[in-house]
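Worksheet: the structure to be examined is printed underneath.
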Amino acid sequence: MTTVIPAPVSRVDGGGAFTLTSTATVGGESAVASYVGDVLGLSTSDAPTIEFALGASPAPGGCTLEITSTGIRAEADTAAGLFHAAQTLRQLLPPSQASGITSAELPITRIGDYPRFAYRGAMLDVARHFFGVDDVKKYIDDIALLKLNHLHLHLTDDQGWRIQIDSWPELTKAGATTEVGGRGGGFYTKEQYREIVRYAASRFITIVPEIDLPGHTNAASVAYPELSDIPVEQYEGIEVGFSSLAIRSDTTYRFVDDVIRELAELTPGPYLHLGGDESLSTTDDDFRYFIQRATAIAATYGKTLIGWHEMGRSTALPAGTIGQYWSFTTPQEGAAVHTLSFVEQGGTIIMSPADVTYLDIKYDASTEMGLAWANGPTSIADSYEWDPAAIVPGIGDDQLLGVEAPLWSETTPTIRDVEYMVFPRLASVAEIAWSPAGPRDFDEFSRRLDRFVDLLGALGINHYLRISGT
Ligand code: TNX
């Protein structure tokens with residue numbers, strides 16, 4: 001019996017229990033030991049009860065967690081692996097002990113674990129509604145529980161531009177004061193953005209920034225009308241696909257160059273996301289011209305580029321550009337071909353099928369927030385019963401970098417609203433990203449989910465109601 005999400009690769013229980021008390025100590029790898037000490041309210045020591053030891057991993061990115069009658073020992077070849085073992089430990093504790101140990105019984109057990117995919121992500125849309133630094137930090141803490149290791153920030157869209165760019169200062173003036181529903185918007189200064197990146201790194205999470213181009217650019221054109229061929233106005237609605245840049249203007253490429261250069265400087269991680277989705281007001285010729293020119297500029301800043309799958313319409317992508325698939329578990333027109341195009345150009349794929357991973361889709365017809373377009377509603381069972389390697393013929397585990405669950409924020413003005421739509425559904429996607437390939441037993445999963453929901457409650461993470469039991 002395992003209570004952990006994502007399900008570990010192997011678990012062997014020894015029978016009996018180990019009791020952890022408030023006098024227990026934590027030690028070993030210092031970043032992880034002090035994190036666990038903070039979370040569980042325990043002090044650190046050189047002869048600890050809970051030891052995080054750098055050593056061997058069962059497989060890349062993996063860890064071992066052993067609970068014996070005398071103590072707890074995690075071993076991994078990276079600090080990230082130890083951090084993920086710490087998340088397993090947090091989930092094994094009774095939820096009442098999750099933010100401070102008084103006395104907790106733990107099963108004697110040995111868990112050997114490693115991820116199926118290297119990239120396990122969540123996306124937060126901070127453009128349709130803006131979320132401040134503290135909200136994003138809370139979200140980072142939330143998703144770390146599930147061993148996710150990437151947070152994609154959708155930083156720009158028609159409704160707002162959210163990141164300071166020194167060479168184009170109007171972007172965060174006229175371009176940032178709007179959001180859906182008209183509550184005022186906002187943006188991150190460079191220092192605030194760096195703080196988010198640092199905080200994420202302390203949770204072994206890489207920030208993946210997205211500047212969505214050439215569609216989804218109304219806010220940029222409000223700030224700099226010369227970026228658009230047509231006059232634009234501030235926009236606080238939720239339609240998609242109406243905006244585009246001035247594709248044949250050199251000013252547009254000076255803008256792309258400046259923005260990407262400044263963003264690359266803020267980004268220690270390997271990836272920059274350039275969007276490319278739903279450019280419905282850009283002709284096919286213009287789209288290919290733009291993608292070729294913009295990605296060539298972006299590639300000069302030394303990062304691996306990511307694009308939504310439509311970017312695969314271009315056959316001139318920089319080598320290794322990653323495609324993010326957002327069509328359905330049964331691909332819609334063109335989606336499979338565009339996705340395969342990235343692989344043909346030396347890239348890999350991140351799977352975000354909208355009908356199972358979009359966290360802004362309603363859970364059921366009675367969910368007050370959320371959209372319903374992607375074959376919605378999307379129940380927790382729907383989000384659990386699919387396989388990323390069985391969607392696009394020719395895209396199997398070897399072509400997949402990983403899996404990501406996006407939260408688009410048109411209907412979620414606050415981070416509590418975001419949490420409600422995300423939890424517990426993100427647990428399904430996290431298990432698909434981490435645990436070995438199916439078959440998946442939803443009844444068994446939902447028993448683990450009950451306990452996970454109790455943990456969410458204990459940690460003050462807002463969530464949709466439990467789905468089984470009482
Ligand atoms: C589609 S799928 C979008 C977003 C919307 C979302 C709403 C994709 C890459 N783009 O612009 O916010 O649907 O669910």
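Please pick out the residue among A104, A59, A76, A98 that is surrounded by 19 or more Cβ atoms within 10 Å (Cβ to Cβ), among the small types (G, A, S) and closer than 27 Å to F442 by Cα.
Exactly one of A104, A59, A76, A98 is surrounded by 19 or more Cβ atoms within 10 Å (Cβ to Cβ), among the small types (G, A, S) and closer than 27 Å to F442 by Cα, namely A98.
Of everything in segment 229-271 that's more than 29 Å from the chain's Cα centre (by Cα) and small (G, A, S), which residue is farthest from G175 (Cα to Cα)?
Looking at residues that are more than 29 Å from the chain's Cα centre (by Cα) and small (G, A, S), I get S249.
If I filter segment 145-179 down to residues being among the small types (G, A, S) and surrounded by 24 or more Cβ atoms within 10 Å (Cβ to Cβ), which single residue comes out as nearest to the ligand (Cβ to nearest atom)?
Of everything passing the filter in segment 145-179, G160 is nearest to the ligand (Cβ to nearest atom).
Taking into account only those residues within segment 249-298 that are among the charged types (D, E, K, R) and within 16 Å of the ligand (Cβ to nearest atom), which is surrounded by the fewest Cβ atoms within 10 Å (Cβ to Cβ)?
Within segment 249-298, the match that is surrounded by the fewest Cβ atoms within 10 Å (Cβ to Cβ) is E278.
Among residues belonging to segment 299-342 that are part of a helix (DSSP H, G or I), out of contact with any His (no Cβ under 8 Å at 6 or more places or on another chain) and not polar (S, T, N, Q), point out the one that is farthest from the ligand (Cβ to nearest atom).
The extreme case among them is A299.
Based on what the data block shows, is T206 under 27 Å from T282 (Cβ atoms) and at pLDDT 95 or above?
no
The values are calculated or read from the model by the stated rules, or taken from the named source; none is laboratory data. Keep in mind the model is a prediction, meaning the values are calculated, not measured. All Cβ positions, glycine included, derive from the backbone under ideal geometry; neighbour counts span all protein chains shown.
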